[in-house]
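Read the structure below first, then the notes.
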Amino acid sequence: MRMSRYFLPVLKEEPADAQIVSHRLMLRAGMIRQQAAGIYSWLPLGWRVLKRVERIVHEEQQRAGHIPMLMPTLQPAELWKESGRYDDYGKEMLRVRDRHDRDLLYGPTNEEMISDIFRTHVSSYRDLPLTLYHIQWKFRDEVRPRFGVMRGREFFMKDGYNFDLTEEDAKHAYNRHLVSYLRTYERMGLRAIPMKAEGGPIGGDHTHEFLVLAETGESAVFYDSRVADIRLGERTIDYGDSEQCRAVLEEFTELYARTDDTHEPAVFEKLVPEDRRREARGIEVGQIFYFGTKYSEPMGAVVQGPDGEQTPVHMGSHGIGVSRLVGALIEANHDENGIVWPEGVTPFHVGIVNLRQGDDSCDRACEELYAALRAAGLDPLYDDRDERAGSKFATMDLIGLPWRITVGPRGLENGVVELTSRRSGQSEEVASEEAARRIREIYAPHLPKDVYVG
Ligand code: ATP
Ligand code: MG
């Protein structure tokens, strides 16, 4: 993308009404525009990050064997009356009436609808196990939408649902989801700690939330400091291997880590040595649930088992806050000059800054670099505007691309360009081809995998 042709409405001033850094930076970097309380337009730069996050979620879900689909945002009220949640959900649910006086609602989640699809099309245990998921806009009429996309009213969420014959199989699905979520966050360059949580309106007491530690987080968290050091890393996971998935869950959850809903001070003090006790704040970026037959029973999601008897299926649901993650990523990755994107989610892979636009050799070197990077399947952002160097650098720092290549007349005389890391601030002078090669190498592990994402 050429900056001169792009739509990047960066703000010069600090936005007055944004309380936390991610919200401020998303507004300043021209990523979002608030349209109503808790409802946002995703401007081109923000849209790119949202799509990168979405793609990683798709890839990791499909790697775990989960099947993508898409359900609508508007749902008929009847389905929710069947489960009894139409009234229970209360004012958070946005209710709509159509021209025929039929009651609809803007879905806050999809347990009812997926159960309806399941009961219509699946009748035998032979079709199990099954996990279906989608990534779709949700609406919850939050009392206090705030912090930008972190607590919106309309937000983008991945929600998945597993259907299993037995509790044992459903527990495997739960463990498999936990592992796939750990991988998902790690690929984004985030550390999210699974913590024992409460079911809330989804239900069930077998549930973990994933929390990113951040001062601005809305949840109080209590944990053993060692839990923050555990990584999945590059290990190979066989998602069909229930023993392996269970072992990973155990490794990540055996140390004390709880949110305020489940925190027990006496247990905390008993299990965790004093020097390892941590009290902090966290952002909830996902949650997984096992709730047995809570929805399948009232909604008749049953299958014929191996002995011919009809049994309600065991279910769980699993959510990742895709739009909230964009905010959480910024909370965890910024400095005083702006955002510092991890390579896995950056909106553009590298910025090219032309220090003397209109100078033949600078323009030519930039064009060649731009073409070479694009030919390698990368997205460079080329600042080809006729602006001062200082202002070009400030914009690049604000929008946070992890790498910058600076092309200037003096360097070119010596056959070099400057390659700068946004995170460390360190620069190196290298030949232009070498800069392109290094960028290709850095991004090789981050390029999209071969899955269908629509
Ligand atoms: P919270 O406790 O933050 O209100 P929740 O527990 O009600 O969230 P879930 O039903 O578990 O939310 O939804 C799955 C994920 O969707 C959450 O982990 C969170 O990342 C995201 N999410 C939930 N509510 C919002 C919201 N209002 N704005 C943005 N993301 C949200
Ligand atoms: Mg939750």
> Just for segment 9-27: of the residues that are surrounded by 18 or more Cβ atoms within 10 Å (Cβ to Cβ) and either without any contact (Cβ under 8 Å) to a residue 40 or more places away in the chain or more than 21 Å from the chain's Cα centre (by Cα) (or both), which one is farthest from residue 140 (Cα to Cα)?
Replying inline: 24
>> Going residue by residue through segment 245-268, is there one that turns out to be surrounded by fewer than 16 Cβ atoms within 10 Å (Cβ to Cβ), closer than 23 Å to residue 128 by Cα and more than 25 Å from the chain's Cα centre (by Cα)?
In response: no
> Going through segment 63-82 one residue at a time, which ones are crowded, with 18+ Cβ neighbours inside 10 Å and either in a helix (DSSP H, G or I) or touching an Asp or Glu at 6+ places or on another chain (Cβ under 8 Å) (or both)?
Replying inline: 75, 79, 80
> Looking at residue 2, is it without any contact (Cβ under 8 Å) to a residue 60 or more places away in the chain and either assigned by TED's automatic domain parsing to the domain that holds residue 392 or in contact with a strand residue (DSSP E or B) (Cβ under 8 Å, 6 or more places away or on another chain) (or both)?
Replying inline: no
> Tally time: how many residues in segment 135-152 are buried (at least 19 other Cβ atoms within 10 Å of the Cβ) and in contact with a Leu (Cβ under 6 Å, 6 or more places away or on another chain)?
Replying inline: 1
> Which of the residues that make up segment 380-421 are of a type in the set (Phe, Trp, Tyr) and in a helix (DSSP H, G or I)?
Replying inline: 393
> Somewhere in segment 381-401, is a residue touching a Ser or Thr at 6+ places or on another chain (Cβ under 7 Å) and over 18 Å from residue 10 (Cα atoms)?
Replying inline: no
> residue 168 versus (1) out of contact with any Lys or Arg (no Cβ under 8 Å at 6 or more places or on another chain); (2) surrounded by 21 or more Cβ atoms within 10 Å (Cβ to Cβ); (3) at negative phi: which is the lone unmet condition?
Replying inline: (2)
> Here are some residues: 141, 159. Which one is over 25 Å from residue 245 (Cβ atoms) and under 23 Å from the mean Cα position of the chain (by Cα)?
Replying inline: 141
>> Looking for something within 15 Å of ligand 1 (Cβ to nearest atom) and aliphatic (A, V, I, L, M) - is there at least one such residue anywhere in segment 268-284?
In response: yes
> Of all the strands (runs of 3 or more DSSP E) wholly in segment 284-369, which have at least 2 residues that are surrounded by fewer than 21 Cβ atoms within 10 Å (Cβ to Cβ) and not assigned by TED's automatic domain parsing to the domain that holds residue 391?
Replying inline: 302-304, 310-312
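The rows are residues; the columns are (1) touching a helix residue (DSSP H, G or I) at 6+ places or on another chain (Cβ under 6 Å); (2) within 16 Å of ligand 1 (Cβ to nearest atom); (3) not in a strand (DSSP E or B).
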{"residue": "243", "(1), (2), (3)": "no, no, yes"}
{"residue": "246", "(1), (2), (3)": "yes, no, yes"}
{"residue": "258", "(1), (2), (3)": "no, yes, no"}
{"residue": "262", "(1), (2), (3)": "no, yes, yes"}
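The values are calculated or read from the model by the stated rules, or taken from the named source; none is laboratory data. Since the model is a prediction, treat every value here as computed from it, not as a measurement. Every residue, glycine among them, receives a Cβ derived from its backbone with ideal geometry; neighbour counts consider all protein chains shown.
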